[in-house]
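Inspection log for the structure reproduced underneath, given as structure tokens.
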Amino acid sequence: MISDFFHPAVGGVENHIYMLSANLIRRGHKVIVITHSHPPNRVGIRYLLPSLKVYYIPFLPIASSATLPNFFTALPYLRTILLREHIHLIHAHASLSAMGHEGILHAHLMGIRTVFTDHSLFGFDDAASILTNKLMVGTLKNVDAVICVSHTGRENTVLRGQLFERCKEDPNRLEVRKSVYVIPSALIAEQFKPCPPPPSATITIVVLSRLTYRKGVDLLVATAPRICALFPEVNFVVGGTGPKLIDLLQMREKHLLQDRIALLGPIRHKDVLSVLSRGQIFMNTSLTEAFGIAILEAACAGLYVVSTRVGGVPEILPEDMISFAEPEEIDVIRAISEAIQVIKEGRHDPLRAHERIKTFYNWEDVAERTEVVYDAVLKTPQLELMERIERTMELGPFFGLIHTIILLVDCLFFLFLEWWIPRESLHHVRHHWDEDKFAEVRYLFTLGLAKDESWSDAGSFTLVFVALGIGTCIFFSLPSFTSLIASC
């Protein structure tokens, strides 16, 4: 697994990678995670339960936990790690993860197969989306398989990544690649058991989200005062932080709603259930959403959901567990009014909702379906270098040429590393590091009887970089990439 987004950062992508990795390990596979370091001291090798090995390589993020796309500087690290660990397949996550794109670029040099999972929806008409889509289409030209978390996300990714191929029956017609799959995310239902409803006539609406424009906080700011005016028995609990927090604070002060709108700030994942248990309705006002794991968690905790009808949200829950609204102020108020009526009339059963969610979503099923994708990828023939170059040149006369140069320089750099640090000289790790062995060593560490070998491993992949002027010239000429990440 390779991505910029992983623990200790918190989010849907981070949780998806961890849970998928843990369940693949339980199914007998060896899984490692490669991500960037986190200041001040999260660098080197760490182990997470159940025996998940995580490499935090020393790259610093520029914004929102994403690193700058360098393309070449990560190759010495990735080559050493992938060869030492005997990796057969790379699974990159998130279209804004530069490290994931780099992993897919370098993988073919070592005969490693590639899979990419897209977790987000992007547009086509703003600078951030255009730059992201260009980066993505260059990567997905040579990827072996693509996974999306919803059917809406699949349509979006196919268009953004230009995942088309010539139809065998009619060469003049294009069709979507057969290697594009849909596997939704999941949750651990036992962690979101509904609590008894509070003995009060007050109805509480819960909002848990990053407070950003894409999450529709402007819509929340516009509708919350009107809902409070229409329904004196309704209060709000808002958890999360972000650049739009100041707008919520100003709205609350302007309308004198300090006693009816509680702003909790950032919420740790272990505290999510306690926050959800304070309410009966969950409100989501996102302007774009590929899947919406927060909606799923709220429904599993027994809350009735009100959400904007955007992206992949309509695919998450049955219609009797959610009320939809267009991303407009009037329609959101209408949907909230319907939800309040449902709660007052007792038409929503939290325990039954929890049991239904438990049967709909589980990580074991996600891991099994992902395993099928891996098997399909490993059975297909690998692309030769010439075919990769031809596919890359299809990107266009300008970007195609640039990306082809990057591909060729990457091959030359790899040959230099093969000469400078021969793979025969690398210290290969043990093959069978299983959960029982991990538990044994963990127990010895608690007794102080085992030495920490992980840092000797980390030392072996610290390398001296070769200055590559062409890579620096090409990708450090993208100063707008920082604003791209920040705006998303």
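The values are calculated or read from the model by the stated rules, or taken from the named source; none is laboratory data. Predicted, not measured: the structure shown is a model, and the values here were computed from it. No Cβ is skipped: glycine too gets one built from the backbone with ideal geometry, and neighbour counts run over all protein chains shown.
Name the single residue that is nearest to R369 (Cα to Cα) among those in region 150-164 being among the aliphatic types (A, V, I, L, M) and in a helix (DSSP H, G or I). Quick ask: steps written out before the conclusion?
Start the filter on region 150-164 by keeping residues that are among the aliphatic types (A, V, I, L, M), which leaves 158-159, 163.
Cutting the leftovers down to in a helix (DSSP H, G or I) gives us 158-159.
Working: V158: 20, L159: 24 Å.
The extreme case among them is V158.
Looking for something farther than 30 Å from L287 by Cβ and either assigned by TED's automatic domain parsing to the domain that holds G161 or in contact (Cβ under 8 Å) with a residue 12 or more places away in the chain (or both) - is there at least one such residue anywhere in region 115-127? Reasoning before the result, please.
So the first thing to find is which residues in region 115-127 are farther than 30 Å from L287 by Cβ, and the list is none.
Scanning region 115-127, I find no residue that is farther than 30 Å from L287 by Cβ and either assigned by TED's automatic domain parsing to the domain that holds G161 or in contact (Cβ under 8 Å) with a residue 12 or more places away in the chain (or both), so the answer is no.
Can you find a residue that is part of a helix (DSSP H, G or I), touching a residue at least 40 places away in the same chain (Cβ under 8 Å) and farther than 20 Å from R79 by Cβ anywhere in region 381-393? First the steps, then the outcome.
Going through region 381-393, the residues part of a helix (DSSP H, G or I) turn out to be 385-393.
Now restrict to residues that are touching a residue at least 40 places away in the same chain (Cβ under 8 Å): 385, 388, 391-392.
Then keep just the ones that are farther than 20 Å from R79 by Cβ; that gives 391-392.
Scanning region 381-393, I find at least one residue that is part of a helix (DSSP H, G or I), touching a residue at least 40 places away in the same chain (Cβ under 8 Å) and farther than 20 Å from R79 by Cβ, so the answer is yes.
How many residues are within 21 Å of I406 (Cβ to Cβ) and assigned to a strand (DSSP E or B) when one looks only at region 34-87?
Summing the residues that are within 21 Å of I406 (Cβ to Cβ) and assigned to a strand (DSSP E or B) in region 34-87 gives 4.
Condition first: charged (D, E, K, R) and surrounded by 17 or more Cβ atoms within 10 Å (Cβ to Cβ). Can you find one or more residues in region 251-266 that meet it?
Taking region 251-266 first, the residues charged (D, E, K, R) are 252-254, 259-260.
Next, from what is left, pick out any that are surrounded by 17 or more Cβ atoms within 10 Å (Cβ to Cβ): 252, 260.
Yes, that holds for at least one residue.
So, I112, is that one in the same structural domain as Q162 (by TED's automatic domain parsing), surrounded by fewer than 20 Cβ atoms within 10 Å (Cβ to Cβ) and in contact with a strand residue (DSSP E or B) (Cβ under 8 Å, 6 or more places away or on another chain) or not?
Numbers: in the same structural domain as Q162 (by TED's automatic domain parsing): yes; surrounded by fewer than 20 Cβ atoms within 10 Å (Cβ to Cβ): yes; in contact with a strand residue (DSSP E or B) (Cβ under 8 Å, 6 or more places away or on another chain): yes.
For I112, the condition - in the same structural domain as Q162 (by TED's automatic domain parsing), surrounded by fewer than 20 Cβ atoms within 10 Å (Cβ to Cβ) and in contact with a strand residue (DSSP E or B) (Cβ under 8 Å, 6 or more places away or on another chain) - is met.
Of the residues in region 184-196, how many are in a loop (DSSP other than H, G, I, E, B) and either touching a residue at least 60 places away in the same chain (Cβ under 8 Å) or not assigned by TED's automatic domain parsing to the domain that holds T288 (or both)? If you could, list the steps in order and put the result at the bottom.
Residues of region 184-196 that are in a loop (DSSP other than H, G, I, E, B), as a first pass: 184-188, 193-196.
Within this subset, residues satisfying the condition of being either touching a residue at least 60 places away in the same chain (Cβ under 8 Å) or not assigned by TED's automatic domain parsing to the domain that holds T288 (or both) are 184-188, 193-195.
Adding up the residues that qualify gives 8.
Can you pull out every residue in region 135-179 that is among the basic types (K, R) and more than 19 Å from the chain's Cα centre (by Cα)?
Filtering region 135-179 down to residues among the basic types (K, R) leaves 141, 154, 160, 166, 168, 173, 177-178.
Correct list: K141, R166, K168, R173, R177, K178.
In region 24-43, what residues are surrounded by fewer than 16 Cβ atoms within 10 Å (Cβ to Cβ) and basic (K, R)?
At the first step, the residues of region 24-43 found to be surrounded by fewer than 16 Cβ atoms within 10 Å (Cβ to Cβ) are 26-29, 39-42.
The answer is R26, R27, R42.
Which of the following residues is more than 27 Å from the chain's Cα centre (by Cα), of a type in the set (V, I, T) and surrounded by 14 or more Cβ atoms within 10 Å (Cβ to Cβ): I183, I188, I203?
Working: I183 fails: more than 27 Å from the chain's Cα centre (by Cα); I188 fails: more than 27 Å from the chain's Cα centre (by Cα).
After ruling out the rest, the residue left standing is I203.
Just to be sure I understand the filter: pairs with C-beta atoms under 8 Å, separated by 6 or more residues or on different chains, first member in region 75-92 and in the same structural domain as P58 (by TED's automatic domain parsing) and over 15 Å from V54 (Cβ atoms), second member in a loop (DSSP other than H, G, I, E, B) and among the polar types (S, T, N, Q). Which pairs pass?
Within 8 Å, the pairs are A92/S3.
Out of H16, H86, report the one residue that is surrounded by fewer than 19 Cβ atoms within 10 Å (Cβ to Cβ) and of a type outside the set (K, R).
Values: H16 fails: surrounded by fewer than 19 Cβ atoms within 10 Å (Cβ to Cβ).
Result: H86 is the single residue among H16, H86 that is surrounded by fewer than 19 Cβ atoms within 10 Å (Cβ to Cβ) and of a type outside the set (K, R).
For the condition more than 22 Å from R268 (Cα to Cα), without any contact (Cβ under 8 Å) to a residue 40 or more places away in the chain, of a type in the set (A, V, I, L, M, F, W, C) and part of a loop (DSSP other than H, G, I, E, B), what is the one hit in A229, A201, A224? So that I can check it myself, show each step before the final result.
On the way: A229 fails: part of a loop (DSSP other than H, G, I, E, B); A224 fails: part of a loop (DSSP other than H, G, I, E, B).
Selected residue: A201, the only one of A229, A201, A224 that is more than 22 Å from R268 (Cα to Cα), without any contact (Cβ under 8 Å) to a residue 40 or more places away in the chain, of a type in the set (A, V, I, L, M, F, W, C) and part of a loop (DSSP other than H, G, I, E, B).
Any residue in region 288-295 that is in contact (Cβ under 8 Å) with a residue 60 or more places away in the chain and either assigned to a helix (DSSP H, G or I) or assigned by TED's automatic domain parsing to the domain that holds H151 (or both)? Write out each step before concluding.
Within region 288-295, the first condition is being in contact (Cβ under 8 Å) with a residue 60 or more places away in the chain, and the residues that meet it are 288-291, 293-294.
If we keep only those that are either assigned to a helix (DSSP H, G or I) or assigned by TED's automatic domain parsing to the domain that holds H151 (or both) too, we end up with 293-294.
For region 288-295, residues in contact (Cβ under 8 Å) with a residue 60 or more places away in the chain and either assigned to a helix (DSSP H, G or I) or assigned by TED's automatic domain parsing to the domain that holds H151 (or both): present.
Quick test for you: out of V429, V409, pick the one residue that is touching a Lys or Arg at 6+ places or on another chain (Cβ under 6 Å), modelled with pLDDT of 70 or more and either hydrophobic (A, V, I, L, M, F, W, C) or not in a helix (DSSP H, G or I) (or both). I'd like the intermediate steps shown before the answer.
Working: V409 fails: touching a Lys or Arg at 6+ places or on another chain (Cβ under 6 Å).
Matching residue, one of V429, V409: V429.
Any residue at all in region 197-208 that is at pLDDT 90 or above, in contact with a strand residue (DSSP E or B) (Cβ under 7 Å, 6 or more places away or on another chain), hydroxyl-bearing (S, T, Y) and assigned by TED's automatic domain parsing to the domain that holds S277? First the steps, then the outcome.
Taking region 197-208 and keeping what is at pLDDT 90 or above, we get 202-208.
From what is left, the residues that are in contact with a strand residue (DSSP E or B) (Cβ under 7 Å, 6 or more places away or on another chain) are 202-208.
From the residues that got through so far, the ones that are hydroxyl-bearing (S, T, Y) too are 202, 204.
Narrowing the set further to residues that are assigned by TED's automatic domain parsing to the domain that holds S277 leaves 202, 204.
Yes, the conditions are met somewhere in region 197-208.
Can you work out which of the residues in region 100-149 that are in a helix (DSSP H, G or I) and in contact with a Pro (Cβ under 9 Å, 6 or more places away or on another chain) is nearest to L407 (Cα to Cα)?
Within region 100-149, the subset in a helix (DSSP H, G or I) is 100-110, 127-140.
Of the ones still in play, those that are also in contact with a Pro (Cβ under 9 Å, 6 or more places away or on another chain) are 101-102, 135.
Numbers: H101: 12, E102: 11, L135: 14 Å.
Restricting to residues being in a helix (DSSP H, G or I) and in contact with a Pro (Cβ under 9 Å, 6 or more places away or on another chain), the top hit is E102.
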